[in-house]
Amino acid sequence: MSEHSGLLATKRGEANAFVVIGAGPGLGAAAARRFGREGHPVGLITRNTERLAAMATDLNSEGITTATAAADVTDAQALTAALDALRTRLGPIQAALFSPRPSLSWIKPVLDTGPSDIANALALNVVAAAAAVRAVLPDMLDQRNSTLLFTTGGAAVEPHRDRAVSAIAYAAESAYVRMLHDALVDQGVYAAQVTVVGPIGPGARHEPDEVAQHLWRLHIERDQPLLVLR
């Protein structure tokens, strides 16, 4: 384990579960590997069961304890049940990453964006985030020194008229995360957002493993509520 990991163990005792809500094979999997290497059992949630199975197989092959639960994150009841199932299998949740991908079909110029597009985006980025926080927060308040992590695309800080719903939903999510940070920081729960400007993926401007390292650093150092990667 790294020196940071040793410090974490000293401060927090045995590592508890890390869950990825909206897990995918890019950043979600990279974050799971990064936290898993530090001794955190990993829980993965997405609605694609085949993707879950593939990610779990990869993580297990690296010696990372992994559990999965299929759920549509916009279904608050299903999301809560999935988090409860992971808690039962892995133990208390110490850190969570909320990182679902928006539907590309929602991304339209602002003049072509209708109420249903905006409602769908807010349901994914804000309403689902609030449901996830409500489900994991009791564990986190009991442990203290826990972490709520969120990722958004660059439209959160660089709104563009041709990608309207992303700008609207990410702006709302950003406000929510900042208010969470302010409300929880004195209770031992740290909330932070990483905004990635530009493409993310193997060979792209932002490598998933590098973004995962930033997430890990925020979990350890707890030094800023917003990190923008350009």
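Would you pick out the residues in region 11-35 that are small (Gly, Ala, Ser) and either buried (at least 21 other Cβ atoms within 10 Å of the Cβ) or in contact (Cβ under 8 Å) with a residue 60 or more places away in the chain (or both)?
Ala15, Ala17, Gly22, Ala23, Gly24, Gly26, Gly28, Ala29, Ala30, Ala31, Ala32
Given the criteria touching a strand residue (DSSP E or B) at 6+ places or on another chain (Cβ under 6 Å) and assigned to a helix (DSSP H, G or I), does Val136 qualify?
yes
Which residue pairs have Cβ atoms under 8 Å apart, sit 6 or more places apart or on different chains, and have a first residue in region 94-121 that is free of Cβ contacts under 8 Å to residues at least 40 places away in the same chain and a second that is of a type in the set (S, T, N, Q) and assigned to a helix (DSSP H, G or I)?
Correct list of pairs: Ser103/Asn120.
Say whether the condition of being of a type in the set (A, V, I, L, M), in a helix (DSSP H, G or I), in contact (Cβ under 8 Å) with a residue 24 or more places away in the chain and crowded, with 21+ Cβ neighbours inside 10 Å is met by at least one residue in region 185-197.
Checked region 185-197: no residue is of a type in the set (A, V, I, L, M), in a helix (DSSP H, G or I), in contact (Cβ under 8 Å) with a residue 24 or more places away in the chain and crowded, with 21+ Cβ neighbours inside 10 Å.
Being at pLDDT 95 or above and under 14 Å from Val20 (Cα atoms): is that true of Ala81 here?
Criteria not met by Ala81.
Being at pLDDT 95 or above, of a type outside the set (A, V, I, L, M) and under 18 Å from the mean Cα position of the chain (by Cα) is the requirement here; does Pro225 meet it?
When the stated conditions are applied, Pro225 passes them.
Report yes if Ala67 is among the small types (Gly, Ala, Ser) and farther than 26 Å from Thr195 by Cα, otherwise no.
yes
Ala15: in a loop (DSSP other than H, G, I, E, B) and farther than 15 Å from Ser99 by Cβ, yes or no?
yes
Can you tell which of Ala78, Ala96, Ala70 is touching a Leu at 6+ places or on another chain (Cβ under 7 Å), surrounded by fewer than 20 Cβ atoms within 10 Å (Cβ to Cβ) and small (Gly, Ala, Ser)?
Answer to the check: Ala70.
The values are calculated or read from the model by the stated rules, or taken from the named source; none is laboratory data. Just so it is clear, the model here is predicted, and its values are computed rather than measured. A quick note on method: Cβ atoms are made from the backbone with ideal geometry, for glycine too, and the neighbour counts reach across all protein chains shown.
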